[in-house]
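Notes follow once the structure below has been shown.
The values are calculated or read from the model by the stated rules, or taken from the named source; none is laboratory data. The model shown is predicted, which means the values in this text are computed figures rather than measured ones. When we count neighbours, we look across all protein chains shown, and the Cβ atoms used for this are built from the backbone with ideal geometry, even at glycine. All accessible areas refer to the heavy atoms of the entire protein, side chains included, with ligands and DNA or RNA removed. Shrake-Rupley method; radii C 1.70, N 1.55, O 1.52, S 1.80 Å.
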Amino acid sequence: MTCATSCNDWLDLKPNNEQITDDYWKSKEDVQSVVMSGYYYMRQCVPNFIKWGELRGGVFYSSDSGESKLQDFNMTPSHNLCKYADVYKVINAANSVLKYAPGVCSIDDTYAESMMMSHLCEAYFMRAYCYLILVKNYGSVPLILEPYVDDTESFDIAKSTEAQIIEQIKADVMTALNTDAAKGTYEVEWETKGRATKWALYALMADACLWSEDYETCKEYCNKILNATDSFRPVFITAGTQWYDMFCFGNSNESIFELNWNYNTAQETNNFASLWSQDASSKFRFSSSAIRKMQEEVSTAVANGATVEGRVGRMLLASCIPAGGNAAYAVASTFYMWKYAGTEIQDPEGGKRVHQDANFIIYRVSEIMMMLAQAETMTGNIQEAVKQVNRIRNRAGIGNFQGIDEDDAGAIANIDEQTMLEEILDQKAMEFIGEAKRWYDVLWFGRIANNKYRDSFVRLVLDGNQTTNLSWVTSVLADKNSWYMPIPQVDIDHNVLLEQNPYYSSNK
């Protein structure tokens, strides 16, 4: 059973300040409204999600003097970009649903238990996903599992460790899955991609396990998606000519979970396309190292015969456009993001969206394939990693990794762990460009196996940094606490139990 809500109902909801009070929870519509508000707040978080996930990763840099402090690892606790209040709004909405929905079920005869359990699954996903984002950016934060109902609630709460938060994330996912109430599809088509499903829960569990170096469990949940046989399961789009379908108009077969905007039905817009413009005023710009990689990919795709309406490979098919039109594709020095701006691919110099209402993809199948490749590499199965990487590369028109087939045992035996991991990270950088993934991939690489690849991690950061002195960044990154953002000063000031990230405490 699903609620008969329109796309406009979901996208245009404005949160009600009374939704978390005891007097509010009387009907299934009250619960539904708070679930919707969770998605509303998630959409409000996306601009920061993009900045947090990209600006330290070396593919983009910002021309904004304030935002450059993030990419230069020179943030201060008072900077707006390190505030996480919007993320905690999502968590509070989820906590409210988890606490009050069961009570509503007991007083509203029209609120079926199956619907209530489905709402709980969505709340568990939202809470767990937001805590994973917080862990990746702050290391440790307050773990709040109860809703704030009114001003009598104490706001003084200490940080939990990363391990404690990861444990809670996994527990939330497992609790949701164990109810067997997480939907595989919804009756309304767009909701299958725009609301949390069992597929989204699988992806989140794989993500959390990869981050915490629980590789066997990561593989298990990746394979729940990749080996699924359900009729309406998410599937990898194999044809490079269809790659752009994920972004225009969104909610594609490959998508697992994405946040939806729709101007035509809800007058909802975002400013994603405005972050990247086609002239010198662009706020986000590609780094020299990213341009070099894109040029190499385009040249390889051209040599392999890839060409689609004047564009080649994933770089010119969807992500970027060269200055001077398609005649200069192989040596382009200026690229433009199309994921959030284009509406069709026939005209490489036209076809912009009428409105800025592109969706933001949280998880898609190709990322699950790359997660699996990372986990397989870390457990010694280079062959499976090569298989997954080759699928991504061949869709992009650039051929097998080092020309190696997945069945070539002799050649695969010569690939060491670091070489394989760096190839995976390179492919992820190009495949998910602008999707707020890059910094977390680079940071994961620096963290794993007791910082085994720390020096290589630093080199990756330095290679893409164009806005500050490299010796400064090198010295900063020697302190692992600098890899995370500061706790917002406003929260430190109002929470007597909250301690600052040690790096920023010693550098006030």
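So which of LYS136/LYS428; LYS51/LYS428; LYS99/LYS339 end up more than 27 Å apart, counting from Cα to Cα? As for pairs spanning more than 27 Å Cα to Cα, those are LYS99/LYS339. The slack in the chain from THR161 to ALA411, taken as 0.36 nm per residue of separation less the alpha-carbon distance, amounts to 85.8 nm.
Dipole orientation for the stretch 436-492: of the candidates ASN450, GLN466, MET485, ASN450 has the Cα lying most toward the positive pole (charges on Cβ; Lys, Arg +1; Asp, Glu -1). At the residue level, SER475 shows approximately 70 square angstrom of accessible surface with a 1.4 angstrom probe and all protein chains present.
Residue ranking by accessible heavy-atom surface, 1.4 Å probe, largest first, among ASP230, ASP108 comes out as ASP230, ASP108. In the complete set of protein chains, residue-level accessible area for LYS428 is approximately 10 Å², probe 1.4 angstrom. Note on ASN264 and ALA449: the extension gain reaches 61.7 nm, defined as 0.36 nm multiplied by sequence separation minus the Cα-Cα distance.
Within the chain, the selection of entire DSSP H helices by a Cα span of 15 Å or greater along the long axis and an average Kyte-Doolittle value of at least 0.0 returns 85-107, 113-138, 162-178, 198-211, 365-378, 454-464. Using the Cα coordinates of the stretch 26-168, the gyration tensor eigenvalues translate into equivalent-ellipsoid semi-axes of 33, 16, 13 Å, sorted from longest to shortest. Modelled spin-label separation between GLU213 and SER505, with each label point placed 7 Å from Cα along the Cα-to-Cβ direction: 2.4 nm. Taking ASP441, ASP109, ASP214, ASP245 and ordering them by how much accessible surface each has at a 1.4 Å probe, largest first, produces ASP109, ASP245, ASP214, ASP441. Normalising the average separation of contacting C-alpha pairs (under 8 angstrom, six or more residues apart) by the number of residues puts the relative contact order of the stretch 212-266 at 25 percent. Rounded to the nearest 20, the Cβ-based charge dipole of the chain about its Cα centre (Lys and Arg +1, Asp and Glu -1) stands at 1160 debye.
Considering only the Cα atoms of the chain, their convex hull presents on average a projected area of 23.0 nm².
Quick check for you: which residues of the stretch 94-123 have the amide N under 20 Å from the point 7 Å beyond the Cα of GLU146 toward its beta carbon? The answer is 94-104.
Accessible surface of LYS28, taken over heavy atoms with a 1.4 Å probe and every protein chain present, rounds to 40 Å².
The translational diffusion coefficient of the stretch 354-506, from Stokes-Einstein at 10 °C and 1.306 mPa s with a Kirkwood hydrodynamic radius over alpha carbon pairs, comes to 89 µm²/s.
What number, rounded to the nearest 500 deg cm²/dmol, is the helix-based mean residue ellipticity at 222 nm of the chain, given -39500 (n - 2.57) per DSSP H run of at least four residues and division by all its residues? The per-residue figure over the chain is -15000 deg cm²/dmol.
The value of relative contact order for the chain, using C-alpha pairs under 8 Å at least six residues apart, is 20 percent.
Rounded to the nearest whole Hz, the Karplus-based 3J(HN,Hα) values (6.51 cos²θ - 1.76 cosθ + 1.60, θ = phi - 60°) of the stretch 181-186 follow the sequence 10, 5, 6, x, 9, 10, with x at glycine and proline.
With every protein chain in place and a 1.4 angstrom probe, the accessible-area ranking of GLU146, GLU162, largest first, reads GLU146, GLU162.
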